[in-house]
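The values are calculated or read from the model by the stated rules, or taken from the named source; none is laboratory data. This is a predicted model, so every value here is computed, not measured. Counting neighbours? That spans all protein chains shown, and the Cβs are built from the backbone with ideal geometry, glycine included.
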Number of protein chains: 2
Amino acid sequence: MSWDHSGSNAPLFVRKLASIHPLTEAEQQGVAELPMHVREIRADQDIVREGDKPSRSCFMVEGFACRYKMAGEDGRRQIMQFHVAGDLPDLMSLLLPVMDNSIGTLGACKIAFVDHTVLRELIRKHPRIGDALWRDTLVDGAVSREWLVGVGRRDAYARIAHLFCELFLRMQAVGLADGMSISLPLTQGEVSDALGLSTVHVNRVAQTLRANDLITWKRSVLTINHWDGLQKAGEFDPTYLHLITPPRVAAASDLRSA
Amino acid sequence: MSWDHSGSNAPLFVRKLASIHPLTEAEQQGVAELPMHVREIRADQDIVREGDKPSRSCFMVEGFACRYKMAGEDGRRQIMQFHVAGDLPDLMSLLLPVMDNSIGTLGACKIAFVDHTVLRELIRKHPRIGDALWRDTLVDGAVSREWLVGVGRRDAYARIAHLFCELFLRMQAVGLADGMSISLPLTQGEVSDALGLSTVHVNRVAQTLRANDLITWKRSVLTINHWDGLQKAGEFDPTYLHLITPPRVAAASDLRSA
DNA sequence: CGCCTATTTGATCTGATTCAAACAATGTGG
DNA sequence: CCACATTGTTTGAATCAGATCAAATAGGCG
């Protein structure tokens, strides 16, 4: 646990915000100089919990976390979003005093915390940073809505394909993709909680995706073997991610020959 | 179709924003004086469509509309939100140039349009109005996430109960409830598209809710007979609506005697 | 090696869909 | 004001995608 004024963690934060909304030099510097409180958090810990009234927000430096909510008393969990480096999972708490969902780590994470007062001051000084942050929360909402479409109107096969398309593009956008592969430290149980399915069913359907040679998924690494096929299987249209830099996707064979 | 500078439609708009985020006199006046383009739109028309790049946003003066998205080619529709008077269904287009969902009317509606340029100018002059609008989009996202929990992890009985609880509180918050009744001009088909169910199943489960004396629902009027029971059936917790004025709910009998 | 957690497979069950048809409502033109 | 068309609701029967229960297998790791 340490206070970091050096901005050594800022580049990713800056890159993420600039990727959402173009920023001037001065604005980027303002972001880079934010005083941040960096912590390492181990797996399966809550960063904030439903009902909390945080006085700070966080952004993810490293690792995987998720937004989730429990339904009923019997342990049904719905994961509403997976968060990767660069994300601001509880930015909403800047405007909405009480959290209506929890954020929990999936593996070990490095998280940077910023006080709301500091953030508000930065926005006052650089209104366009406020726009970038607003925009970030809007994309977050757009992702939830797309998931709603999936859970409501797509079958398990399409849902899994869609999730993998999304995660790949989001991770690629912040430089976390390696060719057509991403690190995906999720258990099938976690995927099932995100897609409204049972673990058993995720297992079986994932096997079908493998059998159709669309993906390879083992030991926390997901490789997309046929982007076009996976995209079609998931009825995936990336518009809702509102990416500024267009996705770079290719057949695995193309990448190898490049 | 008419240009309205008188602010005769503004009160609801102002009331809604003030109910999200307290506003000063000057701010309220700024909102009330917004030049707005008011139109009557008949049933089942799109106000904006997925892929559009609107240069204005709208707020609902009268009627019911919905945010929706089509999945696949075979007519599967997922409704992601029902919008009532006071709502700003496509405010997002102020920050996100391209619409990733459509907004359509359900019955006849009265809609007021405001140019983005005008809105941006207002926010520049009154930053706290910007906060109110940001907050509105955040609540919108919170509602989508709650629906995701329902569709992913609750059965049909709970989903319908939950939807009715939500609609009742949201409409009550803007003065559209009459005791424990609201006008609910939705077909069972529309409800099924919102909950990820089939029309037939919505019909059967709604009958069970009626049989359990939780609701009365006929000819576009929904009455909640037992709030506590409906809330429990839907696992409903209103936190996610982030209402400022606390909900006023009571058993129907209490209201009659009042 | 032994423990714990994750994945896989098989068998069975069920909430919800689909298909089909009857039955209100509501509205429309004559 | 009624015949007719249209749209929405209700009921029944057959079927299915996905859940649940149970147990075996495979990794990862101190």
| query | Across the range B:186-201, which residue is farthest from DNA strand C (Cβ to nearest atom) among those that are farther than 17 Å from A:Val151 by Cα and of a type in the set (A, V, I, L, M)? | reply | B:Leu186
| remark: In the range B:218-246, anything within 15 Å of DNA strand C (Cβ to nearest atom) and surrounded by fewer than 17 Cβ atoms within 10 Å (Cβ to Cβ) is listed as B:Lys218, B:Arg219, B:Ser220, B:Val221
| task | Could you tell me whether any residue of the range A:153-160 is in the same structural domain as A:Asn203 (by TED's automatic domain parsing), assigned to a helix (DSSP H, G or I), surrounded by 23 or more Cβ atoms within 10 Å (Cβ to Cβ) and within 16 Å of DNA strand D (Cβ to nearest atom)? | result | yes
| query | So is A:Phe168 more than 16 Å from DNA strand D (Cβ to nearest atom), aromatic (Phe, Trp, Tyr) and not in a helix (DSSP H, G or I) or not? | reply | no
| Of the conditions (1) within 23 Å of B:Ala173 (Cα to Cα); (2) within 16 Å of DNA strand D (Cβ to nearest atom); (3) in contact with a Ser or Thr (Cβ under 8 Å, 6 or more places away or on another chain), B:Leu214 fails just one. Which one is it? | (3)
| the range A:202-217, residues that are within 9 Å of DNA strand C (Cβ to nearest atom), over 23 Å from A:Leu176 (Cα atoms) and away from every other protein chain (no Cβ under 14 Å) | A:Asn203, A:Arg204, A:Gln207
| said: Checking the condition in a helix (DSSP H, G or I), away from DNA strand C (no atom under 14 Å from the Cβ) and modelled with pLDDT under 95, which residue from B:Arg128, B:Arg135 passes? | reply: B:Arg128
| request: Would you mind finding the one in A:Arg248, A:Arg204, A:Arg210, A:Arg219 that is among the charged types (D, E, K, R) and at positive phi? | output: A:Arg219
| query | Hey, among the residues in the range B:33-60 that are part of a strand (DSSP E or B) and closer than 21 Å to B:Glu190 by Cα, which one's nearest to the other protein chains (Cβ to nearest Cβ)? | reply | B:Val48
| field | Pairs where the first residue, in the range B:157-168, is away from every other protein chain (no Cβ under 13 Å) and the second is within 14 Å of DNA strand C (Cβ to nearest atom) and of a type in the set (Val, Ile, Thr), C-beta under 6 Å, 6+ apart | value | B:Ile160/B:Val205
| query | Of all residues in the range B:152-185, which are within 11 Å of DNA strand C (Cβ to nearest atom) and under 18 Å from the mean Cα position of the chain (by Cα)? | reply | B:Arg159, B:Ile160, B:Pro185
| Unique match (being of a type in the set (Asp, Glu), more than 8 Å from chain B (Cβ to nearest Cβ) and closer than 18 Å to B:Leu94 by Cα) among A:Asp131, A:Asp87, A:Asp115, A:Asp136 | A:Asp136
| query | For the range B:61-76, which residues satisfy the criterion of being among the charged types (D, E, K, R) and surrounded by fewer than 20 Cβ atoms within 10 Å (Cβ to Cβ)? | reply | B:Glu62, B:Glu73, B:Asp74, B:Arg76
| request: Could you look through the range A:112-130, keep only residues that are under 21 Å from the mean Cα position of the chain (by Cα) and of a type outside the set (A, V, I, L, M), and pick out the one that is surrounded by the most Cβ atoms within 10 Å (Cβ to Cβ)? | output: A:Gly130
| task | Please specify each residue of the range B:139-154 satisfying the condition of being small (Gly, Ala, Ser) and facing chain A (nearest Cβ under 7 Å). | result | B:Gly141, B:Ala142, B:Ser144, B:Gly152
| message | Quick check on my filter: what residues within the range A:218-258 are touching a helix residue (DSSP H, G or I) at 6+ places or on another chain (Cβ under 7 Å), away from chain B (no Cβ under 14 Å) and modelled with pLDDT of 95 or more? | response | A:Leu222, A:Ile224, A:Asn225, A:Leu230
| said: Need pairs with beta-carbon distance below 6 Å; first residue closer than 10 Å to A:Ile41 by Cα and within the range A:90-113, second of a type in the set (Lys, Arg); sequence gap 6+ or separate chains. | reply: A:Ala108/A:Arg42; A:Ile111/A:Arg39
| said: Can you tell me which condition A:Ile215 does not meet? The list is (1) modelled with pLDDT of 95 or more; (2) surrounded by fewer than 18 Cβ atoms within 10 Å (Cβ to Cβ); (3) hydrophobic (A, V, I, L, M, F, W, C), and all the others hold. | reply: (2)
| task | Collect the residues in the range A:32-60 that are surrounded by fewer than 20 Cβ atoms within 10 Å (Cβ to Cβ) and β-branched (Val, Ile, Thr), keeping them in residue-number order. | result | A:Val38, A:Ile41
